[in-house]
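Heads up: the structure comes next, in structure tokens.
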Amino acid sequence: MRTIATALALILIPASAQAFENAIKCSDAALTEYAIANPMEPAERIADAAFEKCLSEWKDYIDRERSARAYAHSKPIKAGEPRPPAPPDFHTALDEVRGEHQRQAIPKVIEARACRNCLRTVRAGMLAVPSRVAARLPHLSKHDVAEIDAEIRAVLGEIGN
């Protein structure tokens, strides 16, 4: 029986770490997506929406973590060693994870919005280049300016994809 329990522990701990990585990746992707798509939404709501979108991944992580803790709690201990704490109930663990996610997500939302604003400024500047070139170099034909404009728009389109 002890070998089965040991094997179970060896499976649960890495699986818990992998589930945590999956939940973080999902949440980070959702944060960036929501932060860019909803620029006027408060960062707290964006963080909540990202957490809810990835709730299944977070639940998987919590279930695996609770299983590993339950195993450690039920394992016989040597004399003088303290017993590991019992795993918290599911909703308490979910609230703890949600709170930690919220604390870490708000700066990420602000950073994503700052990057978005910077890229928007660069794009606006690049789109202004053809008219500036036409004003500074009046000998260029309208066709030349249109070619410059088309090339800049094509490059911006490639970057956007």
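The values are calculated or read from the model by the stated rules, or taken from the named source; none is laboratory data. Computed from a prediction, not measured in an experiment: that's the story for all the values here. Counting neighbours? That spans all protein chains shown, and the Cβs are built from the backbone with ideal geometry, glycine included.
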R66 passes all but one of the listed conditions (1) out of contact with any His (no Cβ under 9 Å at 6 or more places or on another chain); (2) at pLDDT 85 or above; (3) of a type outside the set (A, V, I, L, M); the exception is number (2)
Checklist (1) buried (at least 17 other Cβ atoms within 10 Å of the Cβ); (2) modelled with pLDDT of 70 or more applied to M40, failing item: (1)
Just need a number here: residues in region 86-142 that are of a type in the set (V, I, T) and under 16 Å from F51 (Cα atoms). 4
For the structure I just gave you, tell me whether K59 is at pLDDT 75 or above, out of contact with any helix residue (DSSP H, G or I) (no Cβ under 7 Å at 6 or more places or on another chain) and surrounded by 15 or more Cβ atoms within 10 Å (Cβ to Cβ). yes
